[in-house]
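The next block holds one structure in the form of structure tokens; read it before the comments.
The values are calculated or read from the model by the stated rules, or taken from the named source; none is laboratory data. This structure is a prediction, so every number in the text was calculated from the model and none was measured. Note that we place each Cβ from the backbone using ideal geometry, even for glycine, and neighbour counts take in every protein chain shown. Each accessible area value is taken on the protein alone, full model and side chains, heavy atoms only, with ligands, DNA and RNA left out. Shrake-Rupley method; radii C 1.70, N 1.55, O 1.52, S 1.80 Å.
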Amino acid sequence: MPVPPVADIPSYVDALYRQQSGRVLATLIRLLGSFEAAEEALQEAFSAALKQWPRDGIPEKPRAWLISTGRFKAIDRIRQQQRHQQLLSQNGDEARVTSELDLEETDYIEDDSLRLMFTCCHPALSEHARVALTLREICGLTTEAVASAFLTQPSTLAQRIVRAKRKIKDANIPYEVPQGAALAARLDAVLQVIYLVFNEGYSASTGNRLLRPDLMAEAIRLGRLVANLLDEPEVKGLLSLMLFQASRRRARTDHNGDLIRLHDQDRRLWDQGMINEADELVKIALASGRVGPYSLQAAIAGVHATAANAEATDWDEILGLYNVLLRIQDTPVIRLNRSVAIAKTRGVEAALAEIEQLMLTGELDGYHLLHATRGHYLEQLKRDEDALHCYREALKNTQQSSEQQFLRQRIHRLLMGKNDE
Amino acid sequence: MKYLCLVYANENDLHSLPESPHDSECHAYASKAAERGMLIAGQALQPVATATTVRVRDGQATVTDGPFAETKEQLAGFYMIEARDLNEAIAFAEKIPPARVGSIEVRPVRELDV
């Protein structure tokens, strides 16, 4: 960041907090060995910056300054506690902290963020807690921002975070990147959290935009962080998948905030920079020979993204990729999405049969996209009454305003007798 | 740090499924952990039908037949281990033979505040 004039230092520190607090915290946790101590030290370091920088100027390496200030504040605190307990011999704690501090380690170490990521996404924590901790501790979002992102009360969220941190401490969840066989399983948990954050941002990108932080951007930032430090194909696959999806962001909705289907989107609005980056990543991931579900979904998104127009989409390729994906991960949602490729290659009736087969399992009964997709096929087959029924069922099962709006339009068209497909 | 690994399983399945471990396998696993200095104590338990519950209320002890609560899975055994952290404890729990038919609850030990 460029160095500002003295009067702007508070906003400079604010921006620094937003961008760097997660990394500073990660290193402090490693140095001090606990969340609580590191968080106190972080707050003290930033308030010291607000006091000292207007007077002394901004240090050459602000982040290193914050880390070393934070750690010295923490030592001060330990010394003070010891003075209170002078009669007790408490030299152990101080010796431990100071000897670690003698090593000249003030520079931010990127691995610290990755280690913290694995701690925050540990499968021993609940999924809610993992997402909340990651956004709070690694992305540096405030508790209020995380709460509004997930439409919960800040107090509920704060409690969830406190409980998770207590478990990290009491059950001794380590700050480490797992090695060997454990890495693959733990990495899955990390990627799952990142993708959850992304999807929360992706599906909410039209609702209540002012209150919600940009979760898509945060997820991509986390994806890059992990991808930079861990040479694993699925990390690249996930980053690629998120970039492909984010590239369509501006084309996904019209000026009213209503959803536009992929087929009808103005492809000139797609972010070509993101598409190029995503395309390179997925090629590397696929070439690794260890193909996973994220890489395959990215490859599918890539076929869409690189088609000159909707008609030029290579649906045979997409169906082939879905078939490989099903072999690795056979889930109802993947089967539902695959039905679109079936509709395009083998016809709408075959796709409808596939969906009706899927409905027998009952697993997707409450999933609005099942009903919306089925309605879409029925509409194409001119079975308007049945289609209407499906759209109404879909409407019952979604709370997203843009989805609701989209479905109401379909229903309205059918009622007006304007089947245009 | 000490962890207690509690082995839960449906008693009817514990010894009757293709995946069910034999006593010799459990014994070998415990012996290996003891050699590495990881195992503090470990035992298999008799079925809950043998359980007796004791309570003391207002100074009066009452003794009743059966476990504290009826559950789908029953406590079938335990391992008390010394592990570096939760990851090491989980790695130990994953290899406890009855984990294949039941589940292992891993609990950190709380040192008494005395």
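Could you work out the relative contact order of segment A:209-362, using alpha carbon pairs under 8 angstrom and six or more residues apart, expressed as a whole percent?
Relative CO of segment A:209-362 lands at 20 percent.
With all distinct Cα pairs included, what does the Kirkwood hydrodynamic radius of segment A:6-89 come out to in Å, to one decimal, could you say?
By the Kirkwood definition, the hydrodynamic radius is 13.4 Å.
Overall shape: oblate for segment A:358-420, with the ratio a/c of the largest to smallest alpha carbon gyration tensor axis at 1.5 or above and b/c at least equal to a/b. With springs connecting C-alpha atoms under 10 Å apart, model chain A as a Gaussian network and identify which of A:ARG166, A:ARG338, A:ARG23 has the largest mean-square fluctuation. With Cα springs under 10 Å in chain A, the top fluctuation among A:ARG166, A:ARG338, A:ARG23 is at A:ARG166. Between A:HIS255, A:HIS368, A:HIS376, the GNM of chain A built on Cα springs shorter than 10 angstrom shows A:HIS255 fluctuating the most. Hey, if you put +1 on the Cβ of every Lys and Arg and -1 on every Asp and Glu Cβ in the protein assembly as shown, which of A:GLN329, B:ILE81, A:HIS255 ends up farthest toward the positive end of that dipole? The Cα lying farthest towards the positive end belongs to A:HIS255.
In chain A, the longest principal axis of the Cα atoms and the axis of helix A:384-396 are about 20 degrees apart.
Compute the long axis of helix A:215-229 from its Cα atoms, compare it with the longest principal axis of the Cα atoms of chain A, and write down the angle in degrees, 0 to 90, nearest 10. The angle comes out at about 70 degrees.
I want to verify a result. In a Gaussian network model of chain A, Cα cutoff 10 Å, which of these has the top mean-square fluctuation: A:GLY22, A:GLY223, A:GLY362? Per the Cα network of chain A with a 10 Å cutoff, A:GLY362 tops the list.
Mind ordering B:49-57, A:142-150 by average Cβ neighbours within 10 Å, highest first?
Those peptides, ordered most packed to least, come out A:142-150, B:49-57.
For A:LYS51, the lysines whose Cα comes closer than 24 Å to its Cα, not counting residues fewer than 8 places off in the same chain, are A:LYS61, A:LYS73.
Listed by chain and number, the lysines placed with their C-alpha closer than 21 angstrom to that of A:LYS344 are A:LYS382; residues fewer than eight positions away on the same chain are left out.
Relative to the dominant Cα principal axis of chain A, helix A:272-287 is inclined by about 90°. The order of A:GLU176, A:GLU218 by accessible area, most exposed first and with a 1.4 Å probe, is A:GLU176, A:GLU218.
Starting from the residue with the highest accessible area, list A:SER11, B:SER31 in decreasing order, probe 1.4 Å.
If we order A:SER11, B:SER31 from most to least accessible, we get A:SER11, B:SER31.
Within the full protein context, the accessible area of A:LEU28 is estimated at about 0 Å² for a probe radius of 1.4 Å. For A:SER34, what is the net charge nearby, where nearby means another residue's Cβ is under 11 Å from its Cβ and Lys, Arg count +1, Asp, Glu -1? With Lys, Arg at +1 and Asp, Glu at -1, the neighbours total 0. To the nearest 10, the accessible area of B:TYR79 is 20 Å² with a 1.4 Å probe. Largest first, the extents of the alpha carbon coordinates of segment A:231-330 on the three principal axes equal 42, 27, 23 Å. Expressed per residue, the C-alpha convex hull volume of chain A stands at 177 Å³. Sorted into 10 angstrom bins from 0, the C-alpha pair distances of chain B split as 13, 39, 31, 14, 2 percent. At the residue level, B:LYS95 shows approximately 130 square angstrom of accessible surface with a 1.4 angstrom probe and all protein chains present. In summary, the lysines within cross-link reach of B:LYS95, defined as a Cα separation below 21 angstrom excluding same-chain residues under 8 places away, comprise B:LYS2, B:LYS32. The packing ranking of peptides A:303-314, A:192-203, highest mean first, is A:192-203, A:303-314, where packing means the average number of other beta carbon atoms within 10 angstrom of each residue.
Charge tally for A:ALA310 (other residues, Cβ to Cβ under 9 Å; Lys, Arg +1; Asp, Glu -1): -1. Near B:ALA91: Cβ cut-off under 13 Å, other residues only, Lys/Arg at +1 and Asp/Glu at -1. The net charge is 0.
Hey, what did chain A get for relative contact order, percent, Cα under 8 Å, at least 6 apart?
On the way: 491 pairs, mean separation 40.2, N = 421.
Computed over chain A, the figure is 10 percent.
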